[in-house]
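First comes the structure, then the notes that go with it.
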């Protein structure tokens, strides 16, 4: 019986992780953390019966506690609650599926507590990879990627040697605007941007996918996970979302992982590695599929992707400035306060104005985030 904690249990990755648990009786949830979706969380608590549950704040904790007073579940809240969930004594693996930089500190504490990490929170490595990866090696724990692309790379590398990697081919669907011109992007609405052609995801990540900022974050995440510099991570647009990513080796051979788009596959692979379990995914029918096509990303049209490569090259706390600016810009777009093409402009402004720190501590990473927010709020 493998025992797990889930940070972000009511989000897209969290709910799909629970679906994997639901279908496997050798997985047990010992702790859950969520934000503000108390009604959904209560249903999860009643079904999966964790020992510990964390929510966003004290008021929500009191409300949840009253709702599940008939159950022997301890309720905590805030960052302390997230950390307690991440370090639960019985948990062997922690699924980090919270959105944003709030995942950094709980992930660090989980690693220190010798928990394996099933990583779905890309901001953790984008902003603090220089801290997380050495700490994981020091504590001798495993980080298993949950993003479909990074899981595909991990699977393609299985049994291979990292030194023999020529480059990583990171695939992207291209999102809903793959075939738009830059001129057409000026008129994009919120409703347009939330219509992803292949994946069902949360609102924030769906917008990130449409701007391809999400792919830029994945480039930076890949360099930490696999020890390959960003300039050797090539983004390839593959609109059918059938090839989830590839690895090209020094002899020219390429390994790829293919499958129908279903996030439960990388989640389950991370929880059971190195073994595979049956999963009720839709099987690929290559005759029905007919063809798989590829496109080169347009860095002028998808400026956010180019900015991510720039941030990776500059290093230090610049990826944090990019990430923070994107989080705030997307939030503003979701609230209809800015236009779609304002998102990359806001990101570039924050990157250019950031005070550079070569090797930022966790507190300096969080300070960079706060400073980026202040800069943007003063200008927009």
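Quick look at the numbers
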{"item": "Count of the stretch 243-255 residues which are surrounded by 19 or more Cβ atoms within 10 Å (Cβ to Cβ) and out of contact with any helix residue (DSSP H, G or I) (no Cβ under 6 Å at 6 or more places or on another chain)", "result": "1"}
{"item": "The stretch 261-273: number of residues that are modelled with pLDDT of 95 or more and either within 17 Å of residue 174 (Cβ to Cβ) or exposed (fewer than 14 other Cβ atoms within 10 Å of the Cβ) (or both)", "result": "0"}
{"item": "Output for the stretch 312-326, where each listed residue is more than 18 Å from the chain's Cα centre (by Cα) and on the phi < 0 side of the Ramachandran plot", "result": "313, 314, 317, 318"}
{"item": "Matching entry among 346, 357 (being more than 19 Å from the chain's Cα centre (by Cα), farther than 25 Å from residue 244 by Cβ and either in the same structural domain as residue 171 (by TED's automatic domain parsing) or in a loop (DSSP other than H, G, I, E, B) (or both))", "result": "357"}
{"item": "Test set (1) closer than 25 Å to residue 369 by Cα; (2) touching a strand residue (DSSP E or B) at 6+ places or on another chain (Cβ under 6 Å); (3) surrounded by fewer than 24 Cβ atoms within 10 Å (Cβ to Cβ) - residue 79 fails condition number", "result": "(2)"}
{"item": "Residue 376 being part of a helix (DSSP H, G or I), over 21 Å from the mean Cα position of the chain (by Cα), touching a residue at least 12 places away in the same chain (Cβ under 8 Å) and surrounded by fewer than 22 Cβ atoms within 10 Å (Cβ to Cβ)", "result": "yes"}
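The values are calculated or read from the model by the stated rules, or taken from the named source; none is laboratory data. All figures in this text were calculated on a predicted structure; none of them were measured in a lab. Neighbour counts run over all protein chains shown; Cβ positions are idealised from the backbone, glycine included.
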